[in-house]
1. Identify all residues within region 273-309 that are in a strand (DSSP E or B) and among the small types (Gly, Ala, Ser); write none if there are none.
2. From Ser259, Ser240, which residue is of a type in the set (Ser, Thr, Tyr) and within 20 Å of Ser282 (Cα to Cα)?
3. Which one of the conditions (1) under 27 Å from Tyr15 (Cα atoms); (2) out of contact with any Ser or Thr (no Cβ under 9 Å at 6 or more places or on another chain); (3) at pLDDT below 80; (4) part of a helix (DSSP H, G or I) does Gly55 fail to meet, given that it meets all the rest?
4. Identify the residue in region 180-227 that is among the aliphatic types (A, V, I, L, M) and assigned to a strand (DSSP E or B) and, among all such residues, is nearest to Ile126 (Cα to Cα).
5. Can Leu140 be described as touching a residue at least 60 places away in the same chain (Cβ under 8 Å), aliphatic (A, V, I, L, M) and either surrounded by 15 or more Cβ atoms within 10 Å (Cβ to Cβ) or under 27 Å from Thr257 (Cβ atoms) (or both)?
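The values are calculated or read from the model by the stated rules, or taken from the named source; none is laboratory data. Since we're looking at a predicted model, the values are computed, not measured. Cβ atoms come from the backbone with ideal geometry, glycine included; neighbour counts cover every protein chain shown.
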Amino acid sequence: MAGPKQSGLSTTTLYLIATVVFLVGCALTFFTGTEHPEGWTALQVALLHVAKEIGFALIVAAVVWMVFEQLAARHEQAIWNARIESISENVFYGVLRRQIPAGVLHVANRLALTQSLLRKNFRYDIRLLDPEEGGSAEYLELRVKARYQLSNVSDIVAKHSLKGHLPEPTSKGPRGKVKFHHVEVRLRKGASDGTPAELVDKANASLKPDGNRIAFDIGEFAVEPEDTLSCELEYSLIKSSEDTDLIRTHLPAEALTVSIKDETKKQFLIQALSIHDRDVISAKNDVEQGSYEYQINDYLLPHQGMLLWWKPRK
């Protein structure tokens, strides 16, 4: 948001005038820079030099004006940004009747108010599986399917980096088991950014050890204003038989649903803890069938989510 211009002419018109002046100056400098023909009078030579100096002066004037205008515009924008921030603080006080510290407002802006992407239909489906034949009973396999949609709620192109980390057991446990099985990324208004097979290959090729985690980087995807990016990931990893798993969002999200299906022989006790001011809702739970579903039916800020915990039944 910028303040009103004091001049009656628009910025575009002023820049157009400056461009014309610059071009006229260049033309005068170019055409008067050649040697004058023999036989010219002293007056003609003097006028030639005057025209050349005028052309050079026009070039300098146009350049100086454009540089000055840029600096003035930045200064004016900084003043208006400061005014907007002050107004925002006053608005919060006027509405909430609270003197909210500037640091809190900065955090709110960074985490929510200035975000361009909103996560919708955010869901994790997790299957607990016995380890492969010959594998240690101290571990189990998680087959995870993550799905969500990202809506661009801004008026500019937003970019989504599809990268992160997946956990891996310590050096005593089975390592190198993290693997992507399916990756699909598509835009509502555009074509898919690569076929699922291509994206799976790219995801698996990007896997790199990072301590007790595995880093992956599938790429960056552009989302036009009012467009929606749909993402679906399916991968497997190894966890201890008594362990936790943290599921959280790095973008504002409408809600979060996590379903767990226990398909192991020993069967597990499973619980979920909300990392949010709203408690987890247990829905459609059937302990005997090893089927669980947990929900946070409220908006989540970045880094909020759900902590899962499990251990074998005694």
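1. Residues of region 273-309 in a strand (DSSP E or B): 273-275, 281-282, 286, 291-296, 300, 305-309.
Those that are in a strand (DSSP E or B) and among the small types (Gly, Ala, Ser): Ser274, Ser282, Ser291, Gly305.
2. Values: Ser240 fails: within 20 Å of Ser282 (Cα to Cα).
Checking each option against the conditions leaves just Ser259.
3. With (1) under 27 Å from Tyr15 (Cα atoms); (2) out of contact with any Ser or Thr (no Cβ under 9 Å at 6 or more places or on another chain); (3) at pLDDT below 80; (4) part of a helix (DSSP H, G or I) applied to Gly55, the lone miss is (2).
4. Start the filter on region 180-227 by keeping residues that are among the aliphatic types (A, V, I, L, M), which leaves 183, 185, 187, 191, 197, 199-200, 203, 205, 207, 214-215, 218, 222-223.
Imposing the further condition that a residue be assigned to a strand (DSSP E or B) reduces the set to 183, 185, 187, 214-215, 218, 222-223.
Working: Val183: 16, Val185: 20, Leu187: 25, Ile214: 19, Ala215: 20, Ile218: 21, Ala222: 28, Val223: 28 Å.
Filtering region 180-227 for residues that are among the aliphatic types (A, V, I, L, M) and assigned to a strand (DSSP E or B), the one nearest to Ile126 (Cα to Cα) comes out as Val183.
5. Numbers: touching a residue at least 60 places away in the same chain (Cβ under 8 Å): yes; aliphatic (A, V, I, L, M): yes; either surrounded by 15 or more Cβ atoms within 10 Å (Cβ to Cβ) or under 27 Å from Thr257 (Cβ atoms) (or both): yes.
Spelling it out, Leu140 is indeed touching a residue at least 60 places away in the same chain (Cβ under 8 Å), aliphatic (A, V, I, L, M) and either surrounded by 15 or more Cβ atoms within 10 Å (Cβ to Cβ) or under 27 Å from Thr257 (Cβ atoms) (or both).
Table: residues versus (1) β-branched (Val, Ile, Thr); (2) assigned by TED's automatic domain parsing to the domain that holds Pro302; (3) exposed (fewer than 13 other Cβ atoms within 10 Å of the Cβ).
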residue: Ile156; (1), (2), (3): yes, yes, yes
residue: Thr195; (1), (2), (3): yes, yes, yes
residue: Glu220; (1), (2), (3): no, yes, yes
residue: Val223; (1), (2), (3): yes, yes, no
residue: Glu234; (1), (2), (3): no, yes, no
residue: Ala255; (1), (2), (3): no, yes, no
